[in-house]
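Undergrad: Before I ask anything, let me first share the structure, which is written out below as structure tokens.
The values are calculated or read from the model by the stated rules, or taken from the named source; none is laboratory data. Small disclaimer: the values here were computed from a predicted structure and weren't measured. Here the Cβ positions follow ideal geometry from the backbone for every residue, glycine too, while neighbour counts run over all protein chains shown.
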Amino acid sequence: MKTTSELLADNHSHQDWVPMIEVAVREVFELMLHCKLAVADPAVEEALDITSMVGLAGQLCGVMSLRCTAKAATLMASKMLGVEPDKVGAEMCDAFGEVCNMIAGNFKNKIVGLGEGCMLSVPTVITGNDYSLHSLSDAPTLEVRLQFEGAPIVISLQVHS
Amino acid sequence: MNSIRALIVDDSSVMRKIVERSLRQAGIEISQVFEAGNGAEGLAVLAENRVDLILCDINMPVMDGLAFVKALAGVANAKGTPVVMITTEGSEAHVVQALSVGARGYIRKPFTPDQVKEHVIPLLAVNA
């Protein structure tokens with residue numbers, strides 16, 4: 001019987017994880033923000049100017065990220081806090097980071113045998129969109145595009161090993 | 001059930017508010033909520049205050065939730081106080097580890113108020 005590490009190594013592309021990422025995202029939004037996500041509308045193009053990232057280390061190394069507009073991130077925070085968007089203030093980044101943290105945790109708990117062998121970092125939030133992310137690994141990036149209250153959101157898992 | 005005093009330990013202030021709201025939605029009457037951003041801050045709260053319920057995250061800077069729960073054994077104000085972990089760490093190994101160091105309940109994030117109710121009410125009833 002193969003170990004979790006061997007199974008991870010065998011499956012280099014991890015494309016079968018994409019549906020699990022999507023389920024993990026949908027569950028977080030339904031349970032914590034009380035809203036259902038829609039399928040992404042390719043016609044909607046907006047500059048995604050806020051990014052939350054959570055690192056994964058251990059049997060699976062990588063970075064889970066969540067990108068959207070600052071307006072959408074504020075709406076997420078307002079739904080989590082149960083306040084109007086104009087009352088959110090400085091807690092927006094905390095809420096947005098926590099959404100990504102829960103997505104990463106929920107996703108890894110869906111991979112059999114990975115839960116205890118993979119640790120999560122505390123979230124990091126980047127505002128602005130004038131940056132490039134460079135990975136030192138040639139492993140693929142898995143991506144899920146959905147729509148939150150009409151605004152596009154992009155969830156990515158960059159697998160390092 | 002009498003009004004309770006609760007300590008919520010989580011490095012996210014938003015999550016602390018959500019946990020408090022979930023307790024209230026579960027019908028638990030709360031007279032006072034203490035908040036702490038990590039285990040060390042939680043111990044500082046307990047050095048001066050007795051609480052009826054502790055809800056605690058695992059992944060936190062400075063002192064994580066498992067170290068905090070272990071340290072509660074030496075805290076007089078925490079004697080007999082039920083501790084429920086609320087965390088993204090959902091593996092069976094983490095649950096076993098948390099329960100072995102003294103936690104009495106375990107809730108995985110994301111969670112619903114009903115899950116909070118299901119895990120917390122029985123513990124408060126036992127301690128009432």
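Undergrad: Pairs under 7 Å by beta carbon, first residue under 17 Å from A:Ser132 (Cα atoms) and in contact (Cβ under 8 Å) with a residue 60 or more places away in the chain in segment A:46-63, partner assigned to a strand (DSSP E or B) and among the hydroxyl-bearing types (Ser, Thr, Tyr), six or more apart or different chains?
TA: From segment A:46-63, the pairs are A:Asp49/A:Thr127; A:Ile50/A:Thr127; A:Thr51/A:Ser65; A:Ser52/A:Ser65; A:Met53/A:Ser65; A:Met53/A:Thr124.
Undergrad: Where residues in segment B:99-117 are within 12 Å of chain A (Cβ to nearest Cβ) and of a type in the set (D, E, K, R), which of them is surrounded by the most Cβ atoms within 10 Å (Cβ to Cβ)?
TA: My answer is B:Lys109.
Undergrad: Pull up segment A:34-44, narrow it to residues that are in contact (Cβ under 8 Å) with a residue 60 or more places away in the chain and part of a loop (DSSP other than H, G, I, E, B), then point me to the one that is nearest to A:Gly128 (Cα to Cα).
TA: Result: A:Val44.
Undergrad: I'd like the full set of residues that are outside any helix (DSSP H, G or I) and of a type in the set (A, V, I, L, M), limited to segment B:99-117.
TA: Passing the criteria: B:Ala103, B:Ile107.
Undergrad: Hey, can you tell me all the residues within segment B:59-77 that are crowded, with 24+ Cβ neighbours inside 10 Å and in contact with a Leu (Cβ under 9 Å, 6 or more places away or on another chain)?
TA: B:Phe68
Undergrad: Being acidic (Asp, Glu) and under 13 Å from the mean Cα position of the chain (by Cα) is the filter here; which residues of segment B:63-102 pass it?
TA: Once the filter is applied, which keeps residues that are acidic (Asp, Glu) and under 13 Å from the mean Cα position of the chain (by Cα), segment B:63-102 yields only B:Asp64.
Undergrad: Continuing with this model, one more query. Identify, from the list A:Val159, A:Val99, the residue that is under 12 Å from the mean Cα position of the chain (by Cα) and β-branched (Val, Ile, Thr).
TA: Answer to the check: A:Val99.
Undergrad: Something else: Looking at this structure, is A:Cys68 surrounded by 21 or more Cβ atoms within 10 Å (Cβ to Cβ), in contact with a helix residue (DSSP H, G or I) (Cβ under 9 Å, 6 or more places away or on another chain) and modelled with pLDDT under 95?
TA: no
Undergrad: Moving on. Name every residue in segment A:67-89 that is within 18 Å of A:Gly150 (Cα to Cα) and either among the charged types (D, E, K, R) or in a loop (DSSP other than H, G, I, E, B) (or both), in order of residue number.
TA: Selection gives A:Arg67, A:Thr69, A:Lys71, A:Lys79, A:Glu84.
Undergrad: Output the residues belonging to segment B:75-98 that are part of a helix (DSSP H, G or I) and either within 14 Å of chain A (Cβ to nearest Cβ) or of a type in the set (Phe, Trp, Tyr) (or both).
TA: Hits for segment B:75-98 are B:Glu92, B:Ala93, B:His94, B:Val95, B:Val96, B:Gln97, B:Ala98.
Undergrad: Oh, and also: Which one of these does A:Asn101 not meet: (1) more than 12 Å from every other protein chain (Cβ to nearest Cβ); (2) closer than 30 Å to B:Asp114 by Cβ; (3) polar (S, T, N, Q)?
TA: Among (1) more than 12 Å from every other protein chain (Cβ to nearest Cβ); (2) closer than 30 Å to B:Asp114 by Cβ; (3) polar (S, T, N, Q), A:Asn101 violates only (1).
Undergrad: I would also like to ask the following. Go through segment A:110-161 and count every residue that is surrounded by fewer than 16 Cβ atoms within 10 Å (Cβ to Cβ), modelled with pLDDT of 85 or more and small (Gly, Ala, Ser).
TA: Final tally of qualifying residues: 3.
Undergrad: Oh, and also: Take B:Val120 and tell me if it is crowded, with 18+ Cβ neighbours inside 10 Å, free of Cβ contacts under 8 Å to residues at least 60 places away in the same chain, hydrophobic (A, V, I, L, M, F, W, C) and not in a loop (DSSP other than H, G, I, E, B).
TA: Against the criterion (crowded, with 18+ Cβ neighbours inside 10 Å, free of Cβ contacts under 8 Å to residues at least 60 places away in the same chain, hydrophobic (A, V, I, L, M, F, W, C) and not in a loop (DSSP other than H, G, I, E, B)), B:Val120 does not qualify.
Undergrad: Tell me which of these B:Met60 doesn't satisfy, since it passes every other one: (1) under 13 Å from the mean Cα position of the chain (by Cα); (2) hydrophobic (A, V, I, L, M, F, W, C); (3) closer than 27 Å to A:Ala95 by Cβ.
TA: The single condition B:Met60 does not satisfy is (1).
Undergrad: Also, quick follow-up: Here's a check for you: in segment A:47-61, which residue that is among the small types (Gly, Ala, Ser) and farther than 18 Å from A:Gly113 by Cα is modelled with the highest pLDDT?
TA: Among those that are among the small types (Gly, Ala, Ser) and farther than 18 Å from A:Gly113 by Cα, it is A:Ser52.
Undergrad: Can you name the residue in segment B:81-113 that is among the charged types (D, E, K, R) and touching a residue at least 12 places away in the same chain (Cβ under 8 Å) and, of all such residues, is farthest from A:Val99 (Cα to Cα)?
TA: Filtering segment B:81-113 for residues that are among the charged types (D, E, K, R) and touching a residue at least 12 places away in the same chain (Cβ under 8 Å), the one farthest from A:Val99 (Cα to Cα) comes out as B:Arg104.
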